[in-house]
Amino acid sequence: MRLLLVEDEPDLAKAICTSLQEHGYVVDWAENGQIAWDYLEIVSNHYIVGIIDWMLPKRSGLELCKLMRQKLNPLPIIMLTARNSMADRVTGLDAGADDYLVKPFGMEELLARIRALQRRTPTFQPPRLQVGSLLLDYGAFTVQNIHDLNAVPIVLTAKEFQLLEYFMQHPHQVLSQDQIRLHLWDLADECISNVVAAQIRLLRRKLAECNYSKGIDTIRGLGYRFNA
Ligand code: CA
(Lines give C-alpha, C1' and ligand atoms only; values in the text may rest on other atoms or scores of the structure.)
Protein backbone atom coordinates (compact mmCIF):
# COMPACT_ATOMS: atom_id res chain seq x y z
CA MET A 1 0.00 0.00 0.00
CA ARG A 2 1.69 3.11 -1.30
CA LEU A 3 1.25 6.68 -0.06
CA LEU A 4 2.42 10.02 -1.38
CA LEU A 5 3.71 12.48 1.23
CA VAL A 6 4.27 16.08 0.12
CA GLU A 7 5.97 18.04 2.92
CA ASP A 8 8.79 20.59 2.75
CA GLU A 9 9.97 20.35 6.38
CA PRO A 10 12.54 17.51 6.26
CA ASP A 11 12.39 16.60 9.97
CA LEU A 12 8.61 16.34 9.98
CA ALA A 13 8.64 14.44 6.68
CA LYS A 14 11.18 11.94 8.02
CA ALA A 15 9.17 11.36 11.20
CA ILE A 16 5.98 10.78 9.19
CA CYS A 17 7.76 8.46 6.72
CA THR A 18 9.28 6.37 9.50
CA SER A 19 5.98 5.96 11.29
CA LEU A 20 4.06 5.07 8.11
CA GLN A 21 6.72 2.55 7.06
CA GLU A 22 6.52 0.91 10.49
CA HIS A 23 2.83 0.39 9.76
CA GLY A 24 3.52 -1.39 6.48
CA TYR A 25 3.05 1.48 4.03
CA VAL A 26 5.43 2.34 1.20
CA VAL A 27 5.94 6.11 1.13
CA ASP A 28 7.15 8.36 -1.67
CA TRP A 29 8.26 11.68 -0.20
CA ALA A 30 8.15 14.80 -2.35
CA GLU A 31 9.67 17.95 -0.82
CA ASN A 32 7.88 20.42 -3.07
CA GLY A 33 4.77 20.70 -5.19
CA GLN A 34 6.55 20.22 -8.50
CA ILE A 35 8.23 16.94 -7.47
CA ALA A 36 4.85 15.77 -6.17
CA TRP A 37 3.24 16.56 -9.50
CA ASP A 38 5.99 14.58 -11.30
CA TYR A 39 5.44 11.57 -8.99
CA LEU A 40 1.70 11.75 -9.62
CA GLU A 41 2.31 11.60 -13.36
CA ILE A 42 4.55 8.52 -13.01
CA VAL A 43 2.81 6.40 -10.39
CA SER A 44 -0.55 8.06 -9.70
CA ASN A 45 -2.64 4.91 -9.75
CA HIS A 46 -0.32 3.15 -7.30
CA TYR A 47 -1.19 5.51 -4.43
CA ILE A 48 -4.00 4.85 -2.01
CA VAL A 49 -3.86 8.25 -0.24
CA GLY A 50 -1.98 11.54 -0.71
CA ILE A 51 -0.85 13.48 2.38
CA ILE A 52 -0.21 17.03 1.20
CA ASP A 53 1.04 20.07 3.11
CA TRP A 54 -0.71 23.34 2.27
CA MET A 55 2.34 25.67 2.19
CA LEU A 56 4.89 24.24 -0.26
CA PRO A 57 7.61 25.62 -2.55
CA LYS A 58 6.97 25.66 -6.32
CA ARG A 59 3.31 24.57 -6.21
CA SER A 60 1.14 24.93 -3.10
CA GLY A 61 -0.84 22.02 -1.71
CA LEU A 62 -4.00 23.88 -2.63
CA GLU A 63 -2.84 24.22 -6.24
CA LEU A 64 -1.91 20.51 -6.35
CA CYS A 65 -5.38 19.53 -5.12
CA LYS A 66 -7.08 21.72 -7.71
CA LEU A 67 -4.86 20.41 -10.53
CA MET A 68 -5.46 16.78 -9.58
CA ARG A 69 -9.22 17.24 -9.50
CA GLN A 70 -9.14 19.12 -12.82
CA LYS A 71 -7.38 16.10 -14.29
CA LEU A 72 -10.05 13.85 -12.69
CA ASN A 73 -7.47 12.22 -10.42
CA PRO A 74 -9.63 10.67 -7.63
CA LEU A 75 -6.77 10.03 -5.16
CA PRO A 76 -8.04 10.67 -1.59
CA ILE A 77 -6.16 13.65 -0.12
CA ILE A 78 -5.41 14.66 3.46
CA MET A 79 -4.26 18.30 3.70
CA LEU A 80 -1.71 19.15 6.39
CA THR A 81 -1.64 22.72 7.56
CA ALA A 82 -0.97 25.15 10.35
CA ARG A 83 -4.10 27.06 9.30
CA ASN A 84 -7.19 26.35 11.29
CA SER A 85 -9.77 28.99 10.47
CA MET A 86 -13.15 27.92 9.17
CA ALA A 87 -12.54 29.85 5.91
CA ASP A 88 -9.25 27.97 5.33
CA ARG A 89 -10.84 24.59 5.96
CA VAL A 90 -13.62 25.39 3.49
CA THR A 91 -11.06 26.59 0.90
CA GLY A 92 -9.06 23.35 1.30
CA LEU A 93 -12.09 21.09 1.01
CA ASP A 94 -13.44 23.08 -1.96
CA ALA A 95 -10.10 22.64 -3.71
CA GLY A 96 -10.64 18.88 -3.61
CA ALA A 97 -9.13 17.73 -0.31
CA ASP A 98 -11.02 14.91 1.44
CA ASP A 99 -9.75 15.55 4.94
CA TYR A 100 -7.84 18.12 6.94
CA LEU A 101 -5.23 17.77 9.68
CA VAL A 102 -3.97 20.78 11.64
CA LYS A 103 -0.30 20.88 12.71
CA PRO A 104 0.93 19.80 15.16
CA PHE A 105 -0.85 16.44 15.07
CA GLY A 106 -0.24 12.99 16.54
CA MET A 107 0.82 10.15 14.24
CA GLU A 108 -2.00 7.98 15.60
CA GLU A 109 -4.49 10.53 14.30
CA LEU A 110 -2.89 10.63 10.86
CA LEU A 111 -2.90 6.80 10.71
CA ALA A 112 -6.58 6.70 11.74
CA ARG A 113 -7.50 9.23 9.05
CA ILE A 114 -5.63 7.25 6.40
CA ARG A 115 -7.54 4.13 7.43
CA ALA A 116 -10.83 6.07 7.32
CA LEU A 117 -10.12 7.24 3.75
CA GLN A 118 -9.14 3.69 2.73
CA ARG A 119 -12.48 2.44 4.02
CA ARG A 120 -14.33 5.05 1.96
CA THR A 121 -12.60 4.26 -1.32
CA PRO A 122 -13.53 1.23 -3.42
CA THR A 123 -9.91 0.09 -3.61
CA PHE A 124 -9.86 -0.47 0.15
CA GLN A 125 -8.12 -3.77 0.92
CA PRO A 126 -10.27 -6.40 2.61
CA PRO A 127 -8.92 -7.78 5.89
CA ARG A 128 -8.13 -11.03 4.07
CA LEU A 129 -7.23 -11.89 0.52
CA GLN A 130 -7.66 -15.45 -0.74
CA VAL A 131 -6.35 -16.64 -4.08
CA GLY A 132 -6.49 -20.39 -4.70
CA SER A 133 -5.61 -22.05 -1.41
CA LEU A 134 -3.45 -19.17 -0.20
CA LEU A 135 -4.87 -16.86 2.43
CA LEU A 136 -3.25 -13.52 3.21
CA ASP A 137 -4.30 -11.98 6.53
CA TYR A 138 -3.99 -8.18 6.68
CA GLY A 139 -4.51 -8.01 10.41
CA ALA A 140 -1.94 -10.62 11.44
CA PHE A 141 0.53 -10.07 8.54
CA THR A 142 0.50 -13.82 7.84
CA VAL A 143 0.03 -16.21 4.94
CA GLN A 144 -1.54 -19.65 5.22
CA ASN A 145 -2.16 -22.54 2.84
CA ILE A 146 -5.70 -23.56 3.73
CA HIS A 147 -5.44 -26.86 1.83
CA ASP A 148 -2.62 -27.96 4.12
CA LEU A 149 -4.34 -29.35 7.20
CA ASN A 150 -1.18 -29.14 9.31
CA ALA A 151 -0.29 -25.64 8.19
CA VAL A 152 0.08 -22.81 10.65
CA PRO A 153 -0.01 -19.18 9.51
CA ILE A 154 3.47 -17.98 8.54
CA VAL A 155 4.41 -14.47 9.64
CA LEU A 156 5.70 -12.22 6.85
CA THR A 157 7.89 -9.13 6.97
CA ALA A 158 6.35 -5.90 5.62
CA LYS A 159 8.16 -6.27 2.26
CA GLU A 160 7.31 -9.98 1.92
CA PHE A 161 3.70 -9.12 2.65
CA GLN A 162 3.58 -6.32 0.07
CA LEU A 163 5.26 -8.51 -2.54
CA LEU A 164 2.93 -11.46 -1.99
CA GLU A 165 -0.11 -9.15 -1.98
CA TYR A 166 1.01 -7.71 -5.33
CA PHE A 167 1.42 -11.21 -6.79
CA MET A 168 -1.93 -12.38 -5.41
CA GLN A 169 -3.65 -9.35 -6.95
CA HIS A 170 -2.18 -10.41 -10.32
CA PRO A 171 -2.33 -14.23 -10.40
CA HIS A 172 -0.97 -15.95 -13.53
CA GLN A 173 0.38 -12.62 -14.81
CA VAL A 174 4.05 -12.01 -15.50
CA LEU A 175 5.22 -9.04 -13.44
CA SER A 176 8.48 -7.44 -14.56
CA GLN A 177 11.33 -6.54 -12.19
CA ASP A 178 10.58 -2.86 -12.87
CA GLN A 179 6.89 -3.21 -12.04
CA ILE A 180 7.73 -4.95 -8.79
CA ARG A 181 10.44 -2.45 -7.89
CA LEU A 182 8.14 0.50 -8.58
CA HIS A 183 5.38 -1.03 -6.49
CA LEU A 184 7.52 -2.03 -3.49
CA TRP A 185 10.19 0.58 -3.01
CA ASP A 186 10.22 4.33 -2.57
CA LEU A 187 11.21 6.18 -5.72
CA ALA A 188 13.94 7.89 -3.71
CA ASP A 189 15.38 4.56 -2.49
CA GLU A 190 18.72 3.49 -3.87
CA CYS A 191 17.56 0.32 -5.55
CA ILE A 192 20.31 -2.14 -6.41
CA SER A 193 19.50 -4.32 -9.40
CA ASN A 194 19.18 -7.63 -7.56
CA VAL A 195 16.98 -6.34 -4.74
CA VAL A 196 13.83 -7.78 -6.36
CA ALA A 197 15.47 -11.20 -6.87
CA ALA A 198 16.62 -11.21 -3.23
CA GLN A 199 13.13 -10.37 -1.98
CA ILE A 200 11.60 -13.09 -4.20
CA ARG A 201 14.02 -15.64 -2.65
CA LEU A 202 12.87 -14.69 0.84
CA LEU A 203 9.22 -14.93 -0.14
CA ARG A 204 9.73 -18.35 -1.81
CA ARG A 205 11.20 -19.60 1.47
CA LYS A 206 8.06 -18.51 3.33
CA LEU A 207 5.79 -20.13 0.71
CA ALA A 208 7.80 -23.36 1.08
CA GLU A 209 7.14 -23.21 4.83
CA CYS A 210 3.40 -23.17 3.95
CA ASN A 211 3.86 -26.22 1.69
CA TYR A 212 2.72 -24.12 -1.22
CA SER A 213 4.58 -25.91 -3.97
CA LYS A 214 3.18 -23.96 -6.95
CA GLY A 215 4.79 -20.74 -5.74
CA ILE A 216 6.42 -18.20 -7.98
CA ASP A 217 7.97 -19.00 -11.38
CA THR A 218 10.90 -17.09 -12.84
CA ILE A 219 10.14 -16.22 -16.46
CA ARG A 220 13.56 -15.64 -18.00
CA GLY A 221 14.04 -12.15 -19.39
CA LEU A 222 10.49 -11.09 -18.46
CA GLY A 223 9.97 -11.32 -14.72
CA TYR A 224 8.00 -13.45 -12.29
CA ARG A 225 4.63 -15.17 -12.26
CA PHE A 226 2.54 -16.23 -9.27
CA ASN A 227 0.56 -19.44 -9.70
CA ALA A 228 -2.79 -19.69 -7.96
CA1 CA B 1 5.14 23.72 4.50
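So, in nm, how far is label residue 130 from label residue 166 when the simple model puts each one 7 Å beyond its Cα toward the Cβ?
2.6
Rounded, prolate or oblate for segment 1-129? Axes are the square roots of the Cα gyration tensor eigenvalues, ordered a ≥ b ≥ c, and the cut-off for rounded is a/c under 1.5.
Working: a/c = 1.28, a/b = 1.20, b/c = 1.07.
In terms of gyration-tensor shape, rounded.
Can you list the lysines whose alpha carbon sits under 22 Å from that of residue 66, skipping same-chain ones fewer than 8 residues off?
Qualifying lysines at Cα under 22 Å: 58, 103.
So how strong a dipole does segment 1-157 carry about its Cα centre when Lys and Arg Cβ are +1 and Asp and Glu Cβ are -1, to the nearest 20 debye?
Taking the Cα centre of segment 1-157 as origin, the dipole is about 460 debye.
How long is the gain from residue 147 to residue 11 if the chain were fully straight, where each residue apart is worth 0.36 nm and the alpha carbon distance is subtracted?
Here the answer is 44.2 nm.
What's the carbon and sulfur percent of segment 70-228's accessible surface, probe 1.4 angstrom, rounded to a whole number?
Accessible surface attributable to carbon and sulfur in segment 70-228 totals 54 percent.
Using +1 on the beta carbon of Lys and Arg, -1 on that of Asp and Glu, and nothing else charged, what's the dipole of segment 80-163 about the Cα centre, debye to 20?
Numbers: 9 positive and 9 negative charges, 31 e Å.
Taking the Cα centre of segment 80-163 as origin, the dipole is about 140 debye.
Apply 1/(1 + (r/R0)^6) to the Cβ-Cβ distance of residue 219 and residue 22, taking R0 = 25 Å, and write down the FRET efficiency to the nearest 0.05.
Efficiency, from the Cβ-Cβ distance: 0.15.
Could you calculate the FRET efficiency of residue 176 with residue 46 from 1/(1 + (r/R0)^6), where r is the beta carbon distance between them and R0 is 22 Å, rounded to 0.05?
Numbers: r = 15 Å, r/R0 = 0.66.
After rounding, the FRET efficiency stands at 0.90.
In nm, what is the difference between 0.36 nm times the number of residues separating residue 55 and residue 32 and their Cα-Cα distance?
Value of the extension gain: 7.4 nm.
At residue 82 and residue 102, where each label point lies 7 Å from the Cα along Cα→Cβ, what is the point-to-point distance in nanometres?
Between residue 82 and residue 102, the simple spin-label model gives 1.4 nm.
Suppose all protein chains stay in the model; what accessible area per residue would a 1.4 Å probe give for the chain, in Å²?
50
When the accessible area of segment 1-66 is computed with all protein chains present and a 1.4 Å probe, what percentage of it is carbon and sulfur?
The nonpolar share, carbon plus sulfur, comes to 50 percent.
Measuring from label point to label point, each 7 Å out along Cα→Cβ, what is the residue 72 to residue 120 span in nm?
Going from the residue 72 label point to the residue 120 one covers 2.2 nm.
Of the candidates 42, 78, 52, which one comes out as most mobile in a Gaussian network treatment of the chain with C-alpha springs shorter than 10 Å?
Sorting by GNM fluctuation, first place goes to 42.
Expressed in nm to one decimal, what extension gain is obtained for the pair residue 157 and residue 112 from 0.36 nm per residue of sequence separation less their Cα-Cα distance?
So the extension gain works out to 14.0 nm.
So what's the back-of-envelope 222 nm ellipticity for the chain, counting only DSSP H runs of four-plus at -39500 (n - 2.57) apiece and dividing by all residues, rounded to 500?
Estimated from H runs of four or more residues: -12500 deg cm²/dmol.
Place +1 on the Cβ of every Lys and Arg and -1 on the Cβ of every Asp and Glu in segment 77-184, take the dipole about the Cα centre, and give the residue among 81, 175, 129 whose Cα lies farthest towards its positive end.
Going by the charge dipole, the pick is 81.
The values are calculated or read from the model by the stated rules, or taken from the named source; none is laboratory data. Computed from a predicted model, the values in this text were never measured in an experiment. Don't worry about glycine lacking a Cβ; one is built from the backbone with ideal geometry, like all the others, and counts go over all protein chains shown. Accessible surface areas use protein heavy atoms only, side chains included; no ligands, DNA or RNA. Shrake-Rupley method; radii C 1.70, N 1.55, O 1.52, S 1.80 Å.
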